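Have a look at the structure below before the remarks.
The values are calculated or read from the model by the stated rules, or taken from the named source; none is laboratory data. Predicted model only: the values in this text are computed from it and were never measured. Each accessible area value is taken on the protein alone, full model and side chains, heavy atoms only, with ligands, DNA and RNA left out. Shrake-Rupley method; radii C 1.70, N 1.55, O 1.52, S 1.80 Å.
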Amino acid sequence: MSGSGHFKVISDSGIYAHSSSKFTNANKTRKLPSNETFVVKKVVKVNGVTRFYINSNEYVTSNRNLVEFNK
């Protein structure tokens, strides 16, 4: 992966965007519903876990069961 691109939420329940790359309930900023697409600006590693930076201090999971590359 080049570190950027278009991705789509494939989780039926959606995913949350967070204001920090360390995910907690306190730093949830919004919910991205199923089938929503988003652009990844860069890939960030946090203690061996990969996160996607999507825009002005928002991060989402890179879990392949929850998001997929949108061709």
Report summary line: Between (i) 1.18; (ii) 0.92; (iii) 1.12, the structure-derived Rg/Rh (Cα atoms, Kirkwood Rh) is (ii)
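Within the accessible area of the chain, what % is carbon and sulfur when the probe is 1.4 Å and the other protein chains stay in place?
45
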Report summary line: Listed by chain and number, the residues whose amide H is under 5 Å from that of Ile15, excluding neighbours fewer than 5 places away on the same chain and using placed H, are Leu32
Report summary line: Contour minus Cα-Cα span, Ser19 to Val44, at 0.36 nm per residue, comes to 7.7 nm
Requested in this report: Please give the per residue accessible area of the chain, computed with a probe of 1.4 Å over protein heavy atoms only, in Å².
Outcome: 64
Report summary line: Here the relative contact order (percent) of the chain, from C-alpha pairs under 8 Å and at least 6 apart, is 40
Query - J(HN,Hα) series, the range 27-39, from Karplus relation 6.51 cos²θ - 1.76 cosθ + 1.60, nearest Hz, glycine and proline x - result: 9, 5, 10, 6, 10, 9, x, 4, 6, 6, 9, 8, 9
